[in-house]
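Remarks on the structure that follows.
The values are calculated or read from the model by the stated rules, or taken from the named source; none is laboratory data. Quick caveat, the model's predicted, so the values are computed rather than measured. Heads up, the Cβs are rebuilt from the backbone with ideal geometry, glycines too, and the neighbour counts pull from every protein chain shown. What goes into the accessible areas is simple: the full protein's heavy atoms, side chains included, and nothing from ligands, DNA or RNA. Shrake-Rupley method; radii C 1.70, N 1.55, O 1.52, S 1.80 Å.
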Amino acid sequence: MKKYFKYIAIAAVGAVVLSCDNYVDIKTEGRLIPEEVENYRYLLNNSAQYDRTYGDIDIASDDISFQNEAQTTELAAADYLRPFTNMYKWSEKIYFDGEHDSDMETLYAELNSVNVVINEVMKSKNGTEAEKAALKAEAEVHRAYIFLMLVNTFGKAYDATTSATDPGIVLFTTPTVSDNITRTSVQAAYDVILADLNDAVNAGLKPVNSGTNVAFPSRAAAYALLSRTYLYMRNYPLALENAEKSLALQSTLTNMADYEFDAYPTRRFDKELILSKYNGYSSFSYSPQILALSNELINSFDTNDLRYVMFTQPTSSYNSAYTLGRTYSREALTGESRNAGPTVPEMMLVKAECLARAGSGDLAIAEINKLRQKRFRAGEYVALTATDSKDALIKVLAERRKELMGRGGFRWFDLKRLNKEPEFAKTITHDFAGQTLTLAPNSDRYQLPFAPIYFDYAPNLQQNP
């Protein structure tokens, strides 16, 4: 794997060279050393490299249910869709021998580049200390996002009592291609994530980025990712604190009724998006890989809810042989793939959940109602109420599931963290080709297995059971 990660690093750096004529020559140790501050700016300007997430993980969640026999027949017959169907079935192997996990490789290629910036920019020439610190902060936000996605995909849900020994991920923090490839602990990954983000929020990032700059980290994005991180750690006071700091900088909501009969905003024009981290592929917009939604999720919607009206369609819209259910369809409105970057609604949902858990049910419901008002046509909105804080928490979590459905693993990661709480632990089922498959709370299958090919290069890489 040393050799393989070297190839990833070379590919990542090569993309930068092609996109930036001012990049400097190759120096020692097989690495590019830009030396001057402006060249680190050029490196981070390659936003297409950094604007990525681990995209396929939604398939494994209880939001998705392939109910149509025609769809499951197509999926079962297509060899190139084995990873897709294996993830849906929580198989022991997702990828077959010789196959690559392209999502993981994309994130590690990105990691190599941000590690160059983090480790070298403060020693570079011809720039102010403030400029250098801000560039390092951008790279730290990207690195924190990479590690947060990877550790929640391949590691166990954070648990303060076990995370120091729970296997996590390969945690490269320097731009090296010679380190021994082993997994560190879940705790070690979270330690780096928190250190990066806590440094970044105080390092001169712009308060907000939007438009063509939405893929560049801002202070609002750093606070938002801190909030998400603490939520996954079940540290609700700090998740609340950082959600509020993010919302203090960026809090605009989209009124969905304005776009019911007009083009829906793409990420460049999405005022709710704090930092873009999109899947990069639109395969889920086409049959048979469409994200067919579970009846449980669909039945939780008020049919006047514009998220139901606009973001789901009858599955038959994609293939006339599909006669059952509804499918996630936001991609069809924007022409873009799903985005897992932090958003204003996500921060409102985190805030509401933390308030409910702290016993402030009325404030939690008030926060949710501010969001829901923008998800209904005028005159059709009915405010939610809660009998107590526990009821408020249940309703906030239901709202979170609807708002964040089908996007970048939110539901899968929520299942993992909520399984730590007996009252929310859930056994989920998937039906496929005549089989009914079940996944118990805290099952080992919540940790994705690594593709077998990586063990050819890294025999010390510990596989998930």
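In the assembled protein chains, PHE96 presents an accessible area of approximately 90 Å² (probe radius 1.4 Å). Residue-wise HN-Hα couplings along region 65-70, as the Karplus relation 6.51 cos²θ - 1.76 cosθ + 1.60 with θ = phi - 60° gives them from phi, are 8, 8, 8, 8, 4, 4 Hz; Gly and Pro carry x. A crude spin-label estimate for the pair ASN464 and PHE432, with each label 7 Å from Cα along the Cβ direction, gives 1.4 nm. Residues whose amide H falls under 5 Å from that of PHE432, counting only those 5 or more places apart or on a different chain, are LEU437, with hydrogens built in the peptide plane. Put simply, the amide H of GLU36, placed in the peptide plane, has neighbours under 5 Å in LYS125, leaving out anything fewer than 5 places away on its chain.
Can you tell me which lysines have their Cα less than 25 Å from the Cα of LYS206? Leave out same-chain residues fewer than eight positions away. Filter leaves LYS123, LYS125, LYS132, LYS136, LYS245, LYS271, LYS277, LYS351.
For THR343, the residues whose modelled amide H falls within less than 5 Å of its own, excluding neighbours fewer than 5 places apart on the same chain, are ILE274. Annotation for region 279-326 versus region 221-255: alpha-carbon center distance of 29 Å. Angle check, please: helix 2-19 long axis (alpha carbons) against the longest principal axis of the chain (alpha carbons), in degrees 0 to 90, nearest 10. The two axes meet at around 90 degrees. Taking 0.36 nm per residue of sequence separation and removing the Cα-Cα distance, the PHE455/PHE261 pair yields an extension gain of 64.7 nm. Split the accessible area of the chain by element, probe 1.4 Å, and carbon with sulfur accounts for 50%. Helix-only arithmetic for the chain: the sum of -39500 (n - 2.57) across DSSP H runs with n ≥ 4, divided by the residue total, places the mean residue ellipticity at 222 nm at -13000 deg cm²/dmol. Distance from the Cα centroid of region 431-455 to that of region 150-166 is 17 Å (rounded to whole angstrom).
Rounded to 0.05, the FRET efficiency of the LEU418 and ASN126 pair, given R0 = 56 Å and the Cβ-Cβ distance, is 0.65.
Across the options PRO422, ALA340, ALA386, the greatest Cα extent toward the positive end of the charge dipole of region 305-438 (unit charges at beta carbon of Lys, Arg, Asp, Glu) belongs to ALA340. Summing Cβ point charges (Lys, Arg +1; Asp, Glu -1) relative to the Cα centre of the chain gives a dipole of roughly 460 debye. Which angle from 0 to 90°, rounded to the nearest 10, does the C-alpha axis of helix 186-200 make with the longest principal axis of the chain? The helix 186-200 is inclined about 80 degrees to the chain. Restricting the trypsin sites (Lys or Arg not before Pro) of region 365-465 to loop positions (DSSP other than H, G, I, E, B) with no more than 16 neighbouring Cβ atoms within 10 Å leaves ARG377, LYS420, LYS426. Along region 46-62 the Karplus relation, 6.51 cos²θ - 1.76 cosθ + 1.60 evaluated at θ = phi - 60°, assigns HN-Hα couplings of 6, 5, 4, 6, 8, 8, 9, 9, 8, x, 7, 5, 4, 4, 7, 7, 7 Hz to successive residues, with x for each Gly and Pro. Karplus-derived 3J(HN,Hα) values for region 256-262, using 6.51 cos²θ - 1.76 cosθ + 1.60 with θ = phi - 60°, are 4, 4, 5, 10, 4, 10, 9 Hz; glycine and proline are entered as x. Sparsely packed loop sites in region 333-441 (the GluC sites (Glu not before Pro) outside DSSP H, G, I, E and B with at most 10 other Cβ atoms within 10 Å) comprise GLU423. Averaged over its residues, the chain has an accessible area of 39 Å² per residue, based on protein heavy atoms and a 1.4 Å probe.
Helix 236-249 and the longest principal axis of the C-alpha atoms of the chain enclose an angle of approximately 80°.
Taking all Cα pairs closer than 8 Å and separated by 6 or more residues, the relative contact order of region 173-331 comes to 17 percent.
For region 130-205, the Kirkwood hydrodynamic radius from C-alpha pairs, put into Stokes-Einstein at 25 °C and a viscosity of 0.890 mPa s, yields a diffusion coefficient of 188 µm² per second.
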